[in-house]
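A short write-up of the structure that comes next.
The values are calculated or read from the model by the stated rules, or taken from the named source; none is laboratory data. Please read all numbers here as calculations on a predicted model, not as lab measurements. Heads up, the Cβs are rebuilt from the backbone with ideal geometry, glycines too, and the neighbour counts pull from every protein chain shown.
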């Protein structure tokens, strides 16, 4: 937007932009970046808590299954049934823990993908800001200064850029 509203420099592709507006944009980018980093840390922490909770749930389910199996060991038939049931509970617990972990991983991946998009947008804005600053600085060597051809030059007429 700053480049579109800036004043064009004749005979060049350069544009003069408002210094205050550019510096304000750079300040906004500086302020926004730490927040994005903090948001990424919160999201990563949240994903970790979800995975930890899933592990705790899985461990609790497994512990309950083991307790149930221990109480059923009183008789032979109960032992057989207990082993069968414990296997089913362990299988179910493993399946449920896997589902919870997969869900947490999908959520974390989605959040990180969205964050990557936001960081990419911010990086693009930073690059545009740097390009605008580079354009504002203009040519830095004598070779970059435009020279008026001899035939077009009137005596005493300065070279314009």
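Within this structure, residue 58 fails the test of being part of a helix (DSSP H, G or I), under 30 Å from residue 6 (Cβ atoms), at pLDDT 90 or above and touching a helix residue (DSSP H, G or I) at 6+ places or on another chain (Cβ under 6 Å).
Give the residues of the range 101-139 that are surrounded by 14 or more Cβ atoms within 10 Å (Cβ to Cβ) and not in a helix (DSSP H, G or I), sorted by residue number. None; the set is empty.
Out of everything in the range 71-100 that is touching a residue at least 12 places away in the same chain (Cβ under 8 Å) and farther than 30 Å from residue 44 by Cα, what residue ends up being surrounded by the fewest Cβ atoms within 10 Å (Cβ to Cβ)?
Quick first cut of the range 71-100, residues touching a residue at least 12 places away in the same chain (Cβ under 8 Å) only: 72, 82-83, 85-86, 89-90, 92-94, 96-97, 100.
Still in the list and also farther than 30 Å from residue 44 by Cα: 72, 82-83, 85-86, 89.
Numbers: 72: 18, 82: 18, 83: 13, 85: 15, 86: 18, 89: 17.
Here the residue is 83.
Is there a residue being outside any helix (DSSP H, G or I) and under 29 Å from the mean Cα position of the chain (by Cα) anywhere in the range 1-14? Checking the range 1-14: at least one residue is outside any helix (DSSP H, G or I) and under 29 Å from the mean Cα position of the chain (by Cα). Quick check: is even one residue across the range 12-23 surrounded by 15 or more Cβ atoms within 10 Å (Cβ to Cβ) and modelled with pLDDT under 85? Scanning the range 12-23, I find no residue that is surrounded by 15 or more Cβ atoms within 10 Å (Cβ to Cβ) and modelled with pLDDT under 85, so the answer is no.
Quick check, is residue 27 part of a helix (DSSP H, G or I), without any contact (Cβ under 8 Å) to a residue 60 or more places away in the chain and farther than 30 Å from residue 86 by Cβ? Don't jump to the end; show me each part of the working.
Details: part of a helix (DSSP H, G or I): yes; without any contact (Cβ under 8 Å) to a residue 60 or more places away in the chain: yes; farther than 30 Å from residue 86 by Cβ: yes.
Against the criterion (part of a helix (DSSP H, G or I), without any contact (Cβ under 8 Å) to a residue 60 or more places away in the chain and farther than 30 Å from residue 86 by Cβ), residue 27 qualifies.
A residue that is in a helix (DSSP H, G or I), at negative phi, modelled with pLDDT of 90 or more and surrounded by fewer than 12 Cβ atoms within 10 Å (Cβ to Cβ) can be found somewhere in the range 37-52.
For the range 1-24, the set of residues classified as in contact with a strand residue (DSSP E or B) (Cβ under 7 Å, 6 or more places away or on another chain) and either closer than 17 Å to residue 124 by Cα or in contact (Cβ under 8 Å) with a residue 60 or more places away in the chain (or both) consists of 3, 9, 15, 16, listed by residue number. Tell me, yes or no, whether the range 42-64 has at least one residue that is touching a residue at least 24 places away in the same chain (Cβ under 8 Å) and either farther than 30 Å from residue 99 by Cβ or touching a strand residue (DSSP E or B) at 6+ places or on another chain (Cβ under 6 Å) (or both). No, the conditions are met nowhere in the range 42-64.
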